[in-house]
Amino acid sequence: MNIFHGESLEVSNLIGVIEEHYGVEVRDKGSLDATASNAAHLLKKLGRSFGGHPCLWIVENELFYPEVGSIVGCAASRTALLSDAGLDGDFLASEALHEVGHVLGLPHCRGGCIMSPSASPWGPWRSLPGLSGPSKG
Ligand SMILES: [Zn+2]
């Protein structure tokens with residue numbers, strides 16, 4: 001899968017974590033800065049530009065999802081978005097693993113696994129079709 005990121009983000013550690021967890025090859029496709037914070041819009045743009053190729057885009061600005069509000073990450077079909085704003089390294093890694101899980105086709109789990117939606121410091125996530133919310137693995 002491909003990973004895009006904000007210009008000042010160092011993602012080599014994160015790539016190692018994702019590759020080790022899922023056994024997939026992750027390619028650093030370089031910097032791609034978000035020009036908006038509307039997550040639905042950004043996901044659509046990502047899907048159009050790289051349709052069919054699984055990708056994760058880590059942006060530096062905060063993300064907002066229409067009618068939901070502030071989110072850390074979301075995923076739709078084979079693309080995922082994650083905001084680095086205000087996250088420490090460990091939390092960013094668990095969020096990235098969660099969103100990559102969606103990109104690879106994993107649903108939410110009910111237990112305490114990385115795909116659990118319930119351990120969020122932002123409170124329970126409201127279920128939306130094709131969308132995942134803040135969660136901590
Ligand atoms: Zn999710």
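The values are calculated or read from the model by the stated rules, or taken from the named source; none is laboratory data. As the structure is a prediction and not an experimental result, all values here were calculated from the model. All Cβ positions, glycine included, derive from the backbone under ideal geometry; neighbour counts span all protein chains shown.
Some points to look at:
- Note on segment 8-25: residues that are touching a residue at least 40 places away in the same chain (Cβ under 8 Å) and either touching a strand residue (DSSP E or B) at 6+ places or on another chain (Cβ under 7 Å) or at positive phi (or both) total 2.
- D28 being more than 13 Å from the chain's Cα centre (by Cα) and without any contact (Cβ under 8 Å) to a residue 12 or more places away in the chain: no
- Exclusive hit being out of contact with any His (no Cβ under 6 Å at 6 or more places or on another chain) and at pLDDT 85 or above, set L106, L131: L106
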